[in-house]
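Undergrad: Before I ask anything, let me first share the structure, which is written out below as structure tokens.
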Amino acid sequence: MKKSLVCVFLALCLVLSLGSTALADSAAREFTDSTGRTVTLPGKVTRIAVSGPLAQVYIIPIAGDMMVGVSNAFSSGAELYLPEYIINANEIGQLYGGKGEMDLEALLAAAPDVVIDVGETKSSTKDDLQALTEQTGIPFVHVYATVNTAPEAYRMLGQLLGREEQAEELALWCQNTLDNIDVLMQKVDAAGARKTLLYCLGDAGVNVMAEGSFHADTINTMGKNLAVVDDVVPHGDGNESDLEQIMLWNPEFILFDPASIYDEVGGMEAWQAVEAIASGNYFEAPYGPYGWLSSPPAVQRYLGLLWLGELLYPDYVDYDLKEEVAEYYKLFYGCELTDEMYSALVAKALPQ
């Protein structure tokens, strides 16, 4: 009889313990985002949506398994690098610009605990996200992130998602890379060796990523961006320009977007007046599953820093580009990058 009572007592304790755990997991908590807004979240976040491709790039390595959908369909070849469950996830759309607005009905049906926006803090960000929070009943939060602040962004995401350990690993990789690039560029600048360059986009290759653009952080860090214009556009298509202006800028290097004219420009007579083209110092930015320079302007731009270090300043680098790229793909995408995959990524990006 006593043994039976003991068993009942232990079982009751177990039930109460499990109930307390469930209550703790569901208990509300407050989170203050990068705009200064304080929102109420579940005690344990398990289902998240992202505001667009930029946020998606940041979220995949820390909480891809929590995502209830993706912002947009992936381009062909992305399945080489990303988990199948990410590639096949439902599309929800994105908040700002790009290829369509967020489908709020699909968002509500997916029932995320929170929608995460990552990137540049615009003047309207706070009010926009507050309005969406009130409209949907789902908390929307913003995490500020640039090339230089990615470590802090990951630590904030770790607190938000309860994944501090994973966040710290990603933050440390970013910080170590930033430190290495800073040392490299100090050597370059001390030698007066900084290269002039343009990042050219569009079907005609004459749109330029201007010096003051959020999308130009990588090239601004690694060279002297000659595209200085009066009115910098806020989107990733670049400022409209023309070949005459590119001739006047006459950069030492031109970096072409993957959707631009890299394959044809060497045979275009009009472009031979540009030093970078005439000398063969033009290259195509690597892409897969995202662009290394931008597209979107997220954490994968660290690959662009490393690539441009090798491309522009090979005599100053003290890292192995292939090893660094492979480490990134493993840590951020869960992808074991083969020699063939690496070669395909940089086939048009480095001197042959």
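Undergrad: Residue pairs, Cβ under 7 Å, 6 or more apart or interchain, first in region 182-195 and within 14 Å of Asn220 (Cβ to Cβ), second hydrophobic (A, V, I, L, M, F, W, C). List them.
TA: Arg194/Val188; Lys195/Phe253; Lys195/Leu312
Undergrad: So which helices (runs of 4 or more DSSP H) are wholly in region 65-140 and hold at least 2 residues that are exposed (fewer than 12 other Cβ atoms within 10 Å of the Cβ)? So that I can check it myself, show each step before the final result.
TA: Working: elements: 84-87, 104-110, 125-136.
In region 65-140, the matching helices (runs of 4 or more DSSP H) lie at 84-87, 125-136.
Undergrad: Could you say whether any residue in region 332-345 is closer than 23 Å to Thr196 by Cβ, outside any helix (DSSP H, G or I) and hydrophobic (A, V, I, L, M, F, W, C)?
TA: No, because not a single residue in region 332-345 is closer than 23 Å to Thr196 by Cβ, outside any helix (DSSP H, G or I) and hydrophobic (A, V, I, L, M, F, W, C).
Undergrad: Another question, if that's okay. Looking at region 333-346, is at least one residue modelled with pLDDT of 95 or more and closer than 22 Å to Leu226 by Cα?
TA: No, that holds for no residue.
Undergrad: Still on this structure: Of these, Ala111, Ala153, which one is closer than 22 Å to Lys330 by Cα and either basic (Lys, Arg) or at pLDDT 95 or above (or both)?
TA: Ala153
Undergrad: Just to be sure, is Leu197 touching a Pro at 6+ places or on another chain (Cβ under 7 Å), modelled with pLDDT of 95 or more and surrounded by 21 or more Cβ atoms within 10 Å (Cβ to Cβ)? Even if it seems obvious, please write down each step before you answer.
TA: Details: touching a Pro at 6+ places or on another chain (Cβ under 7 Å): yes; modelled with pLDDT of 95 or more: yes; surrounded by 21 or more Cβ atoms within 10 Å (Cβ to Cβ): yes.
Here the answer is yes, as Leu197 does meet what is asked.
Undergrad: Consider region 184-220. How many of its residues are farther than 19 Å from Glu244 by Cα and assigned to a loop (DSSP other than H, G, I, E, B)?
TA: The total comes to 7.
Undergrad: Give the residues of region 310-336 that are within 30 Å of Asp117 (Cβ to Cβ) and buried (at least 19 other Cβ atoms within 10 Å of the Cβ), sorted by residue number.
TA: Of everything in region 310-336, those that are within 30 Å of Asp117 (Cβ to Cβ) and buried (at least 19 other Cβ atoms within 10 Å of the Cβ) turn out to be Glu324, Val325, Tyr328, Tyr329, Phe332, Tyr333.
Undergrad: Can you tell me which of Gly93, Gly77, Gly119 is in contact with an Asp or Glu (Cβ under 6 Å, 6 or more places away or on another chain) and in the same structural domain as Pro42 (by TED's automatic domain parsing)? Lay out the reasoning, then the answer.
TA: Details: Gly77 fails: in contact with an Asp or Glu (Cβ under 6 Å, 6 or more places away or on another chain); Gly119 fails: in contact with an Asp or Glu (Cβ under 6 Å, 6 or more places away or on another chain).
Result of the check over Gly93, Gly77, Gly119: Gly93.
Undergrad: Can you give me the number of residues within region 286-299 that are crowded, with 24+ Cβ neighbours inside 10 Å and among the polar types (S, T, N, Q)?
TA: Looking only at that region, the number is 1.
Undergrad: So, one more: What residue, of Ala259, Ala298, is out of contact with any helix residue (DSSP H, G or I) (no Cβ under 8 Å at 6 or more places or on another chain), assigned to a loop (DSSP other than H, G, I, E, B), closer than 27 Å to Lys322 by Cβ and of a type in the set (Gly, Ala, Ser)? Spell out how you get there, then give the answer.
TA: Working: Ala298 fails: out of contact with any helix residue (DSSP H, G or I) (no Cβ under 8 Å at 6 or more places or on another chain).
From the options Ala259, Ala298, the qualifying one is Ala259.
The values are calculated or read from the model by the stated rules, or taken from the named source; none is laboratory data. Because the structure is predicted, anything quoted here is derived from the model rather than measured. Glycine gets a Cβ as well: all are built from the backbone with ideal geometry, and neighbour counts include every protein chain shown.
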